[in-house]
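**Student:** Below is the structure I would like to discuss, written out as structure tokens.
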Amino acid sequence: MTSQLMPGDQSTILITAGPTREAIDPVRYLTNRSSGKMGYALASTAAEQGHRVILISGPTQLDVPDRVDYIPVETAEEMYQAVEHHIGKANIAIFAAAVADYRPAVVPEQKIKKSAESMTIELVRNPDVLGSVRNTFGYKGILVGFAAETENVETNAREKLTSKGCDLVVANDVSRKDIGFDVNENEILLVFPNTTETPPKDSKQHLAHVILDHALELAAVGNTD
Ligand code: PMT
């Protein structure tokens, strides 16, 4: 960061949210269980606090929060392009979306007909949006990633913190039914380079405040490369 924020200054916060959808054919797609609730809680809280919010979201059933710049996307590739286009305006970026790591290699124009007893769909890698932010897009602001883990939650989150150049990774155990995907509560680990904090299980709305407070504090001290 070249300039430091003073407490109370307005930030521009880019947030990704929701799932992506990767077409198999014109009527079918691959997706995941993300509802968008965590990302939208961050977006609405940040907007209520007076920050400028750019919400880049995959398809959800949620109402778009008031006073956010809403950029709807469907696929990981579209999310990648939207982030590349908008990231330069942000001084804080938070990646809560559940982005598909793979997409079908070939998408036929017509609906796939039922014929053989089994079929195989070849998948190819999608771009890693968060992983491109530092090196490919040259982003210098505060970077907050998420980690959706089913085992070794802290270790895996810490690996993502380092490999993706994050200032903070918010980790959640998505093997649990009571937190994580598509519920109103979450229990998170806040994984910083030198410490890990474990706030108690709470509503996503409340945890959005906790995450934003940390991100704003990091921005205020200019804590990045
Ligand atoms: O939407 P909800 O129902 O409220 O559920 C919330 C949530 C479980 C989706 C959320 O809390 C969460 O964990 N989001 C991250 C989901 C995820 O894809 O995690 P990951 O560990 O696979 O990815 C690590 C990070 O890289 C994430 O910040 C993700 O946004 C990002 N990523 C991943 C793959 C990819 N191709 N591009 C990315 O940017």
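The values are calculated or read from the model by the stated rules, or taken from the named source; none is laboratory data. A quick note: this is a predicted structure, and the numbers were derived from the prediction, not measured. All Cβ positions, even for glycine, are placed from backbone atoms using ideal geometry, and neighbour counts span all protein chains on display. Accessible surface areas use protein heavy atoms only, side chains included; no ligands, DNA or RNA. Shrake-Rupley method; radii C 1.70, N 1.55, O 1.52, S 1.80 Å.
**Student:** Determine the pairs where a residue that is closer than 12 Å to Ile94 by Cβ and of a type in the set (Gly, Ala, Ser), located within the stretch 125-150, has a partner that is open to solvent by 40 Å² or more (accessible area, probe 1.4 Å) and more than 8 Å from the ligand (Cβ to nearest atom) with Cβ atoms under 9 Å apart, the partner being 6 or more residues away or on another chain.
**Tutor:** Here the result reads Gly141/Met1, each pair linking the stretch 125-150 to a residue that is open to solvent by 40 Å² or more (accessible area, probe 1.4 Å) and more than 8 Å from the ligand (Cβ to nearest atom).
**Student:** Tell me, yes or no, whether the stretch 42-50 has at least one residue that is within 16 Å of the ligand (Cβ to nearest atom), part of a loop (DSSP other than H, G, I, E, B), of a type outside the set (Ser, Thr, Tyr) and surrounded by 19 or more Cβ atoms within 10 Å (Cβ to Cβ).
**Tutor:** Applying the first criterion (within 16 Å of the ligand (Cβ to nearest atom)) to the stretch 42-50 yields 42-46.
Retained after the next criterion (residues that are part of a loop (DSSP other than H, G, I, E, B)): none.
No.
**Student:** Let me ask something else about it. Could you count how many residues in the stretch 169-187 are open to solvent by 70 Å² or more (accessible area, probe 1.4 Å) and more than 20 Å from Thr60 (Cβ to Cβ)?
**Tutor:** 1
**Student:** Filter the stretch 161-187 for residues that are under 17 Å from the mean Cα position of the chain (by Cα) and either of a type in the set (Gly, Ala, Ser) or part of a helix (DSSP H, G or I) (or both); which is nearest to the ligand (Cβ to nearest atom)?
**Tutor:** It comes out as Gly180.
**Student:** Of the conditions (1) within 12 Å of the ligand (Cβ to nearest atom); (2) within 16 Å of Ile56 (Cα to Cα); (3) open to solvent by less than 50 Å² (accessible area, probe 1.4 Å), Glu149 satisfies every one except a single condition; which number is it?
**Tutor:** The failed condition is (2).
**Student:** Now, a different point. Out of the residues in the stretch 88-102 that are more than 21 Å from Asn172 (Cα to Cα) and surrounded by fewer than 21 Cβ atoms within 10 Å (Cβ to Cβ), state the one that is nearest to the ligand (Cβ to nearest atom).
**Tutor:** Applying the filter and picking the extreme gives Tyr102.
**Student:** If you don't mind, another one. Of everything in the stretch 71-86 that's over 16 Å from Pro19 (Cβ atoms) and without any contact (Cβ under 8 Å) to a residue 24 or more places away in the chain, which residue is least open to solvent (accessible area, probe 1.4 Å)? Give the derivation first.
**Tutor:** First pass over the stretch 71-86, keeping only residues over 16 Å from Pro19 (Cβ atoms): 81, 84-86.
With the extra rule that they be without any contact (Cβ under 8 Å) to a residue 24 or more places away in the chain, the set shrinks to 81, 85.
Working: Gln81: 99, His85: 133 Å².
For the stretch 71-86, the residue satisfying everything is Gln81.
**Student:** With Leu190, Leu207, Leu212 as the choices, which residue is farther than 25 Å from Glu78 by Cα, away from the ligand (no atom under 13 Å from the Cβ) and open to solvent by less than 40 Å² (accessible area, probe 1.4 Å)?
**Tutor:** None of the other options fit; the residue is Leu212.
**Student:** For Asp101, are the conditions met, namely being among the charged types (D, E, K, R) and within 16 Å of the chain's Cα centre (by Cα)?
**Tutor:** Details: among the charged types (D, E, K, R): yes; within 16 Å of the chain's Cα centre (by Cα): yes.
Against the criterion (among the charged types (D, E, K, R) and within 16 Å of the chain's Cα centre (by Cα)), Asp101 qualifies.
**Student:** Follow-up. Given the criterion of a type outside the set (Gly, Ala, Ser) and within 22 Å of Tyr40 (Cβ to Cβ), identify the matching residue among Glu159, Glu117, Glu122, Glu149. Show your work before the answer.
**Tutor:** Working: Glu159 fails: within 22 Å of Tyr40 (Cβ to Cβ); Glu117 fails: within 22 Å of Tyr40 (Cβ to Cβ); Glu122 fails: within 22 Å of Tyr40 (Cβ to Cβ).
One residue alone meets the criteria, Glu149.
**Student:** Can you give me the number of residues within the stretch 194-204 that are more than 10 Å from the ligand (Cβ to nearest atom) and touching a strand residue (DSSP E or B) at 6+ places or on another chain (Cβ under 9 Å)? Break it down stepwise before answering.
**Tutor:** Step one: of the stretch 194-204, the residues more than 10 Å from the ligand (Cβ to nearest atom) are 194-203.
Restricting the remaining residues to those that are touching a strand residue (DSSP E or B) at 6+ places or on another chain (Cβ under 9 Å) gives 196-199, 201-203.
Qualifying residue count for the region: 7.
**Student:** Mind listing whichever residues of the stretch 103-121 are open to solvent by 70 Å² or more (accessible area, probe 1.4 Å), closer than 10 Å to Glu22 by Cβ and either within 16 Å of the ligand (Cβ to nearest atom) or without any contact (Cβ under 8 Å) to a residue 12 or more places away in the chain (or both)?
**Tutor:** Once the filter is applied, which keeps residues that are open to solvent by 70 Å² or more (accessible area, probe 1.4 Å), closer than 10 Å to Glu22 by Cβ and either within 16 Å of the ligand (Cβ to nearest atom) or without any contact (Cβ under 8 Å) to a residue 12 or more places away in the chain (or both), the stretch 103-121 yields only Arg103.
**Student:** A further question on this structure: Being part of a strand (DSSP E or B), out of contact with any Gly (no Cβ under 9 Å at 6 or more places or on another chain) and either open to solvent by less than 30 Å² (accessible area, probe 1.4 Å) or aromatic (Phe, Trp, Tyr) (or both): is that true of Val144 here?
**Tutor:** Answer is yes for this residue.
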